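To keep things clear, I will list the structure first and then write my remarks on it.
The values are calculated or read from the model by the stated rules, or taken from the named source; none is laboratory data. On a predicted model such as this, the values are computed, not experimentally measured, just so you know. Here Cβ is always computed from backbone atoms with ideal geometry, including for glycine, and neighbour counts include all displayed protein chains.
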Amino acid sequence: MSLAQIARRGVMRIAGAALAVAVFAGHALAQAPAPTSAEFSANGAASAASVSDDQLKARQTELLAAMLRDPANLDIAFEYATVSARIGDYEAAIGTFERMLIYAPGLPRIQLELGVLYYRLGSFDAARSYFEAALQAPDVPAEVEQRVQTFLAAIDNAEEPTKFSATVVSGLRWQSNANAGPGGRQVTLNGVNFLLDDTAVGRADWNVFIAGNIHAAYDLGTQGDLLEADLLFYGGRYFDSARLNSELAELTFGPSFNLARFDIDNARFGVYGILSGVRLDDTNYSGATGLGARVAVQPSLRSALTAKLEYRYRWFRDSAVYPTVSNRNGYQILAEAAHSYQLTNNWSARLTVLGDYENAAARFEQSWELGAGIGATYRFASPVEMIEAPWSLDWDAGYIRRQYDRPDPAVSFTESQRDNEFWLRSGLTVPLRADFALALSAEFRRMQSNYQTRDYSNASVTLSVVKAF
């Protein structure tokens with residue numbers, strides 16, 4: 001049996017894990033926080049890291065009562081406004097800060113806080129007016145001026161109609177089973193024992209890779225609607241298994257709409273076209289075109305929801321090494337939803353569920369799958385004095401159940417393939433600068449299959465550098 005038969009699901013399985021490593025390593029830079037309002041004042045307001053939402057709401061109620069008893073007490077009013085901002089009650093915070101300016105007009109710190117709140121609400125004109133007023137005050141504290149300049153730069157960037165961003169990851173990866181082959185050479189096919197050749201058995205190997213995503217957005221000038229494009233790419237070169245050398249690219253492009261017009265705040269809906277191609281062993285392997293739709297909602301400052309539905313028509317090109325992959329010609333329907341939640345200043349968690357159906361020219365290549373993944377990230381202060389940015393630890397685990405429609409006659413005349421795929425992944429990301437990080441990750445993947453030729457385990461370790469643009 002040849003490598004072509006072992007790798008029946010194609011290069012996406014080979015490169016997919018490396019792409020996951022790339023996204024995993026770039027997580028810390030991609031999630032860099034936007035400018036936020038000031039920490040609580042020293043007058044009795046605790047840091048957000050040690051206070052729950054319920055405690056903050058109780059404190060807000062106490063401060064409201066105290067403020068009503070003594071409306072001229074600016075310390076109480078400032079704490080009430082900052083606590084309100086922390087729990088997302090921007091209207092209460094803005095109203096309080098604006099009343100404070102009546103008692104103490106021209107205070108640059110209050111003008112800064114008002115500018116921050118309007119910035120968070122997306123009211124850039126109002127935010128800019130407060131920031132500029134803060135700079136015009138006499139004896140502006142240096143820290144206030146620095147924060148104002150940071151937000152003014154962010155507003156200028158947000159108001160640019162065309163925006164580009166990118167994350168690129170390159171690194172070195174070792175795998176215990178790079179070609180996803182079975183552990184032993186002897187297998188049973190239709191009741192007959194066979195001896196696999198060396199290329200079909202699982203083999204350890206190293207590879208170097210580069211992967212990333214380039215994002216472009218153009219503001220259509222209609223209530224926040226955008227025209228967006230994303231280019232996802234990957235390229236890998238193996239030290240020994242040259243037949244696994246691969247390149248892939250996928251372009252998605254289309255409009256996304258601000259749902260605030262339907263009174264759904266902090267939400268977007270987009271539709272997009274899909275165009276992708278894959279090369280394997282220095283030859284064209286497969287291509288796809290399709291359509292997709294996605295929605296993203298941020299119910300609160302701590303929570304984010306995303307979902308997408310995609311259709312692709314895929315075609316595969318037979319070659320000397322992969323002579324039967326055209327059996328997989330057909331369409332794919334993919335659905336995926338994810339929820340992330342900021343538990344505390346240090347901890348965040350995420351959940352992903354997915355479903356996939358793959359139509360194919362050969363019924364034994366046709367399959368459906370259902371899966372789920374959970375993960376957590378812990379951000380902590382750098383233990384190295386010369387590195388100021390916080391480090392992050394990530395953990396992820398997942399499971400996929402896969403079922404094929406018909407038996408593969410080359411393996412079994414009576415049983416269709418059934419797979420249970422598990423994985424565990426962990427990693428450490430060390431930001432050296434705001435746009436540059438080092439990442440170390442490890443993964444264990446187990447494929448349990450009733451087909452001996454598709455049953456395998458693979459452990460991998462990746463060292464990579466991450467650059468954000």
Worksheet item: So how many residues does the stretch 335-381 have that are outside any strand (DSSP E or B), surrounded by 14 or more Cβ atoms within 10 Å (Cβ to Cβ) and among the small types (Gly, Ala, Ser)?
Response: 2
Discussion item. Considering only the stretch 127-137, I want to know if a residue exists there that is closer than 15 Å to Phe78 by Cα and in the same structural domain as Leu152 (by TED's automatic domain parsing).
Written reply: no
Worksheet entry | Matching option when the condition is on the phi < 0 side of the Ramachandran plot and out of contact with any Phe, Trp or Tyr (no Cβ under 7 Å at 6 or more places or on another chain), among Phe151, Phe131, Phe164 | Phe164
Response to the item:
Restricted to the stretch 188-207 and to residues being modelled with pLDDT under 75 and buried (at least 19 other Cβ atoms within 10 Å of the Cβ), the residue nearest to Arg237 (Cα to Cα) is Ala200
Practice prompt. Take the stretch 312-332 and flag every residue that is at pLDDT 95 or above and in contact with a Leu (Cβ under 8 Å, 6 or more places away or on another chain).
Written response: Arg312
Discussion item. Here are the criteria: (1) among the small types (Gly, Ala, Ser); (2) over 18 Å from Ala439 (Cα atoms); (3) modelled with pLDDT of 95 or more. Tell me which single one Ala362 does not satisfy.
Written reply: (3)
Worksheet item: Given the structure, is Gly115 among the small types (Gly, Ala, Ser) and surrounded by fewer than 16 Cβ atoms within 10 Å (Cβ to Cβ)?
Response: no
Discussion item. Within the stretch 245-267, take every residue that is among the aliphatic types (A, V, I, L, M) and outside any strand (DSSP E or B) and give me the one that is nearest to Ser286 (Cα to Cα).
Written reply: Leu259
Discussion item. If I filter the stretch 318-332 for residues that are assigned to a strand (DSSP E or B) and aliphatic (A, V, I, L, M), do I get at least one hit?
Written reply: no
Fill in: Qualifying position, being buried (at least 17 other Cβ atoms within 10 Å of the Cβ), within 28 Å of Gly355 (Cβ to Cβ) and either in contact with a strand residue (DSSP E or B) (Cβ under 8 Å, 6 or more places away or on another chain) or modelled with pLDDT of 95 or more (or both), among Ser241, Ser246
Ser246
Practice prompt. Can you tell me which residue within the stretch 138-184, out of those that are assigned to a loop (DSSP other than H, G, I, E, B) and surrounded by 15 or more Cβ atoms within 10 Å (Cβ to Cβ), is modelled with the highest pLDDT?
Written response: Ser176
Worksheet item: When the stretch 292-323 is examined, which residues are found to be free of Cβ contacts under 8 Å to residues at least 40 places away in the same chain and either over 29 Å from the mean Cα position of the chain (by Cα) or closer than 28 Å to Asn245 by Cα (or both)?
Response: Glu310, Tyr311, Arg312, Tyr313, Arg314, Trp315, Arg317, Asp318, Ser319, Ala320
Fill in: Gly270 part of a strand (DSSP E or B) and either closer than 30 Å to Val201 by Cα or in contact (Cβ under 8 Å) with a residue 40 or more places away in the chain (or both)
yes
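For the stretch 188-209, give me each residue that is more than 42 Å from the chain's Cα centre (by Cα) and not in a loop (DSSP other than H, G, I, E, B).
Start the filter on the stretch 188-209 by keeping residues that are more than 42 Å from the chain's Cα centre (by Cα), which leaves 190-195.
Passing the criteria: Val192, Asn193, Phe194, Leu195.
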